[in-house]
Amino acid sequence: MFCYQCQETVGNKGCTQMGVCGKKPRTAALQDALIYATKGLGEVTTRLRAQGAAVDHDIDRLVTGNLFATITNANFDDAILARRVRETCAATKKLRTGLPDAAGLTDAALWEAGDDEAILARAATVGVLATPDDDVRSLRWLITYGLKGMAAYAKHADVLGRHDKGLDAFMQKTLAQTLDNSLSVPELVNLTLETGKAGVTAMALLDAANTGAYGHPEITTVDLGVGNRPGILISGHDLRDLEMLLEQTEGTGVDVYTHGEMLPAHYYPAFKKYSHFKGNYGNAWWRQKEEFESFNGPVLLTTNCLVPPKESYKDRIYTTDIVGFPGCKHISGEVGERKDFSALIAHAKTCPPPTEIETGSIVGGFAHNQVLALADKVVEAVKSGAIKKFVVMAGCDGRAKSRSYYTEFAEALPKDTVILTAGCAKYRYNKLNLGDIGGIPRVLDAGQCNDSYSLAVIALKLKEVFGLDDVNDLPIVYNIAWYEQKAVIVLLALLALGVKNIHLGPTLPAFLSPNVAKVLVEQFNIAGITTPQDDLKAFFG
Ligand code: FS2
Ligand code: SF4
C-alpha cells in the first residue's frame with residue numbers, strides 16, 4: 001500500500017505497511033481501485049455531457065459517495081468498497097453505450113472490474129505511485145484529495161435537497177483530468193486553483209442547505225455534563241441524520257449527545273426544540289477510544305471520524321451512509337429515505353447512562369449570520385483598539401503530540417486578539433476560558449470544518465465595512481491545522497478567495513512535492529509553523 005492523504009501519514013512520507021488510521025493494505029488497495037474506477041466514470045460522464053447528454057443524478061451520487069467513502073476514517077469495510085468498485089465499473093460500462101465510440105478513453109473508463117482478486121490486481125498498478133513524475137503526482141493527488149472533501153460537502157447538501165449540477169459536472173471532469181497525461185504542470189496548477197473555486201461553491205451550497213433547513217446558527221451554550229438517562233452519541237457531520245435521530249428518540253427516555261464535529265449542531269435553532277438533545281460529550285474524533293468507552297451507550301457514526309473500534313465497545317458502534325467497519329451494524333437509507341434508528345434506541349435502553357467526564361459548558365454559534373448581527377460591536381471594538389487582531393485557527397485536530405502547539409499558541413495569544421475557529425481544531429482551545437473582549441468571547445466557533453466558509457464570509461464583510469481593497473489588509477492572521485481531505489478543500493477554497501499568508505500545520509502535506517510547495521509559497525505565501533513563541537513573534541512582532 002501507499003497512502004499519504006492525511007497529516008498523520010508515517011514519517012510525513014506515506015503509510016506503506018498499515019495506516020496510522022488503522023487502514024489495512026487490502027482496504028487501501030480497494031480504495032485506490034475505487035478512486036481509479038470513479039475517475040473512469042468521470043471521463044465517460046464528461047464526454048456524454050460534452051455531446052449534450054444529461055447525466056442522471058444517481059450517477060453524481062455514486063461519484064460523491066465513492067469519493068466520500070475513501071476519506072480518512074470513513075470506510076474500512078472491504079466488502080463495501082469492492083461492491084462499490086463493481087457498481088461503478090458497471091455504471092461506466094452502461095454509460096459508455098451512449099458514446100459513439102470509445103476512442104481515446106483511458107483504461108480506467110474501459111475497466112470492467114471483475115472479482116476481488118482482479119480488482120486487487122488492478123489496484124496494484126493504479127495508486128499514487130503509478131504517476132512517476134513528482135510534481136504531476138503531487139498535483140494530481142492534491143486535486144483528488146480536494147475533490148474528496150468537496151464531494152463530502154456536496155453530499156451533505158444533497159441529503160438536504162440541494163445539489164448543483166455544475167458542481168457535479170466539475171468534479172467528474174476534474175477527476176478525469178487527473179488521468180490526462182497531456183496536462184502540463186502549469187495546467188494542473190490552474191486546475192488546482194479551479195478546484196478551490198469550486199470548493200467555495202460547494203461550501204456555499206452546504207451553508208445554504210444547512211441554514212435553509214435548520215436556521216442560522218446562533219449564540220448557544222452547550223452543556224458538557226451528562227444526565228441520568230441512557231444516551232445515544234452521534235458523531236460525524238450529517239445534520240439530516242441527527243434530525244431523524246432526534247425525531248425518533250423524542251419521548252423514548254433516551255437522550256442524544258454530540259461528539260466531535262457534531263457539536264455545532266447545537267447552534268442551529270431547529271434542534272433547540274428537542275429537550276432530550278442534551279449536550280456535547282467529549283472532544284475531537286481521535287479521543288473516541290476512551291470517550292466511546294465511557295459513554296456506555298450506542299454511538300452513531302454518520303460520516304468520516306471513525307477510529308477502528310475496540311472490542312469492548314464495538315457492539316455499540318452503528319454506522320450509516322458511506323461509513324463502514326466490518327462487524328459494526330449499518331443503518332441503511334438512501335437520500336430522501338427515512339432511516340430507522342429503532343435498533344439504536346432499543347440498544348440504548350439496555351445501557352447505563354453515560355459516565356460523566358466533564359462538567360460545565362462552552363459557547364459557540366458564531367457563524368456568519370450571528371457575527372454579522374454583532375458587526376457594529378465587533379467593528380467598534382476594532383476601531384477602539386480593544387480587538388487588535390483576529391486569528392483564524394480553523395481546521396482539524398489529531399493525535400500528533402505536536403498539536404499541543406495549538407493549545408499553547410491560543411493560551412499565549414495577546415489578550416486583545418479573538419480566535420475565529422471552525423472544525424475540530426477548536427477542541428485544542430475551546431475549553432481554556434480565554435475570556436471575552438467587551439462581551440465578545442475570545443473564541444468564536446463558527447461550526448464544523450465546512451463552516452470555514454462562514455469565516456471567509458465574515459472576512460469579506462469586514463473588508464467591505466473597513467473599505468479595504470484587499471482581504472489581506474484586514475487585521476486577520478491565519479494559523480490553520482489540517483488532518484484530512486476536507487481540510488484540503490477548505491485550504492484550496494481560501495486560496496481561491498485570495499487569502500494569503502496562511503500558516504499550515506502541524507506539518508505541510510506529504511503530497512506536496514518541493515516544487516508544488518514552492519508554487520504555494522510564491523503565489524500565496526503559505527508557510528508552516530515553528531514554535532508558539534516564535535510564531536507569536538512573527539505574527540505580532
Ligand atoms: Fe475534523 Fe478536520 Fe470535520 Fe475532519 S475538522 S478532522 O476535516 O471533517 O473532522
Ligand atoms: Fe496513512 Fe492517513 Fe492514508 Fe490512513 S489515511 S493510510 S493514516 S495516510
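Some observations on this one:
- Taken over the chain, the ratio of Cα radius of gyration to 2.2 N^0.38 Å equals 0.94.
- Coordinate range along principal axes, alpha carbons of segment 242-381, Å, largest first: 56, 34, 29
- Each of GLY365, SER404, PRO298 was placed along the dipole of the chain (beta-carbon charges, centred on the mean Cα), and the one lying farthest toward the positive end is SER404.
- When a 1.4 Å probe is rolled over the protein heavy atoms, the share of accessible surface on segment 153-288 that falls to carbon and sulfur comes to 48 percent.
- Diffusion constant of segment 399-541 at 10 °C, which comes from Stokes-Einstein with the Kirkwood Cα-pair radius and 1.306 mPa s, µm²/s: 100 µm²/s
- Label separation (LYS389 vs ASP469): 2.4 nm, computed from points 7 Å beyond Cα along the C-beta direction.
- Highest average packing first - 122-132, 64-74, 177-187, Cβ atoms within 10 Å: 64-74, 122-132, 177-187
- Peptides 436-447, 147-158 ranked from most to least packed, by the mean per-residue count of other Cβ atoms within 10 Å: 147-158, 436-447.
- Farthest toward the positive end of the dipole of segment 96-183, out of ASN181, LEU120, LEU167, is the Cα of LEU167, where the dipole comes from beta carbon charges about the Cα centre.
- Ligands, DNA and RNA aside, CYS449 has an accessible area near 10 Å² when probed at 1.4 Å.
- Surface per residue (accessible, 1.4 Å probe) for segment 84-198, Å²: 41 Å²
- Rounded percent of accessible protein surface that carbon and sulfur make up, segment 1-88, 1.4 Å probe: 55 percent
- Within the shell defined by Cβ-Cβ distances under 10 Å, the residues around THR303 carry a net charge of -2, with Lys and Arg each +1 and Asp and Glu each -1.
- Atom-type composition of the exposed protein surface of segment 359-510 places 52 percent of the accessible area on carbon and sulfur (1.4 angstrom probe).
- About its Cα centre, segment 393-541 has a charge dipole of approximately 400 debye under the convention of +1 per Lys or Arg Cβ and -1 per Asp or Glu Cβ, with nothing else charged.
- Integer Hz, Karplus 6.51/-1.76/1.60 couplings in order for segment 277-286, x for Gly and Pro: 7, 6, x, 10, 10, x, 9, 6, 3, 6
- Residues with amide H under 5 Å from that of PHE325, placed H, sequence gap 5 or more: PHE76
- When the C-alpha to C-alpha distance is required to be over 27 Å, the pairs from LYS329/LYS426; LYS173/LYS486; LYS13/LYS389; LYS165/LYS500; LYS148/LYS377 that qualify are LYS329/LYS426; LYS13/LYS389; LYS165/LYS500; LYS148/LYS377.
- With θ taken as phi - 60° and the Karplus curve 6.51 cos²θ - 1.76 cosθ + 1.60 applied, the whole-hertz 3J(HN,Hα) list for segment 29-40 is 5, 5, 5, 4, 5, 5, 5, 4, 4, 5, 5, x Hz, x standing for glycine and proline.
- HIS330 sits with roughly 90 Å² accessible to a 1.4 Å probe, with DNA, RNA and ligands left out of the calculation.
- Size descriptors for segment 124-209 (Cα atoms only): Rg and Dmax, in that order, 13.8, 41 Å.
- Note that segment 276-350, at 20 °C in a medium of 1.002 mPa s, gets a Stokes-Einstein diffusion coefficient of 163 µm²/s from its Kirkwood radius over C-alpha pairs.
- For segment 162-216, radius of gyration divided by Kirkwood radius, i.e. Rg to Rh on alpha-carbons: 1.13
- Per-residue ellipticity at 222 nm computed for the chain from its helices equals -14000 deg cm²/dmol, with DSSP H segments shorter than 4 residues left out and the rest contributing -39,500 (n - 2.57).
- Against the empirical curve 2.2 N^0.38 Å, the C-alpha radius of gyration of segment 376-418 lands at a ratio of 1.47.
The values are calculated or read from the model by the stated rules, or taken from the named source; none is laboratory data. In this text, all values refer to a predicted model and were calculated from it rather than measured experimentally. Cβ atoms come from the backbone with ideal geometry, glycine included; neighbour counts cover every protein chain shown. When the accessible area is computed, the model is the full protein with side chains, heavy atoms only, and any ligands, DNA or RNA have been set aside. Shrake-Rupley method; radii C 1.70, N 1.55, O 1.52, S 1.80 Å.
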